[in-house]
Amino acid sequence: ARILLALDHDPEASSLALAKQLGIARNTLHARLTRLRDSGAVREYTRRVDPAALGHGLVAFVSVSLSQTTGHRAVHQLREIPEVTEMHATTGDADLLLRVAARDTADLHRINGLILESADVTRTNTVISLQEEMPVRIRPLLERYAGG
């Protein structure tokens, strides 16, 4: 957790600087970072890119209901839509919850059409985000586990 906090504070810090800051050997740091990356604890850099910087400032959440017998195929098809930035299997009325980045409402309508093109999608429900009140945050959890 201390390594992840240090990376969160300064993502561009060198391995040597991080090792000194944390009081551990550079090889130890490198081995732990490799394990963290290999395990999926540290995700790809592109998760830090704001889609609005690419002209996709409209965020929407799309609940997707799937065919109960063949719905698993839709997951693969939906992954092929670049504007689908997250996908979660859910409980409740819908089977999936998608986070979508669109240019505007017309673009969102186009994306919703792409989602509905999958024969395994039976229904969608779309909610537009008016404003992000709190972005995804992990730092408070890291601080708890790092003892700080």
222 nm [θ] for the chain, helices only, -39500 (n - 2.57) per DSSP H run of 4+, per residue, to 500?
-11500 deg cm²/dmol
Region 1-57, accessible area per residue, ligands and nucleic acids excluded (1.4 Å, Å²):
74
Taking the convex hull of the Cα atoms, report for region 85-135 its projected area averaged over all directions, in nm².
4.3
What is the projected area of the convex hull of the Cα atoms of region 1-40, averaged over all directions, in nm²?
2.5
By accessible area with a 1.4 Å probe, ligands and nucleic acids excluded, highest first: order of 88, 9, 56, 30
9, 30, 88, 56
Rounded to whole Å, give me the distance from the Cα center of region 45-105 to that of region 113-140.
5
5 Å-binned pair-distance histogram of the chain (Cα, whole percent)
2, 8, 15, 16, 13, 12, 11, 10, 7, 4, 2, 0
For region 1-93, the percent of accessible surface on carbon and sulfur atoms (probe 1.4 angstrom, ligands and nucleic acids excluded) is 50
If you line up the long axis of helix 26-39 against the longest principal axis of the chain, both from Cα atoms, how many degrees apart are they, to the nearest 10?
20
For the chain, with only Lys/Arg (+1) and Asp/Glu (-1) charged at the beta-carbon, what is the dipole magnitude about the Cα centre, in debye rounded to 20?
760
Most mobile of 15, 118, 63 in a GNM of the chain (Cα contacts under 10 Å)
15
What residue among 96, 116, 36 shows peak mean-square fluctuation when the chain is described by a Gaussian network model with Cα springs under 10 Å?
36
Out of 125, 27, 112, any idea which swings most in a Gaussian network model of the chain, alpha carbons joined below 10 Å?
27
Full extension between residue 44 and residue 10 adds, at 0.36 nm per residue less the Cα distance, a length in nm of 10.7 nm
Per DSSP loop assignment and a cutoff of at most 12 other beta carbons within 10 Å, the chain keeps its longest run without exposed trypsin sites (Lys or Arg not before Pro) at 44-136
At most 15 other Cβ atoms within 10 Å plus a DSSP loop assignment makes a site exposed; report the longest stretch of the chain without any exposed GluC sites (Glu not before Pro).
81-116
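The values are calculated or read from the model by the stated rules, or taken from the named source; none is laboratory data. The model shown is predicted, which means the values in this text are computed figures rather than measured ones. Please note: Cβ atoms are built from the backbone with ideal geometry, for glycine as well, and neighbour counts cover all protein chains shown. Ligands, DNA and RNA are stripped out before the accessible areas are found, and what is left, the full protein with its side chains, is counted by its heavy atoms. Shrake-Rupley method; radii C 1.70, N 1.55, O 1.52, S 1.80 Å.
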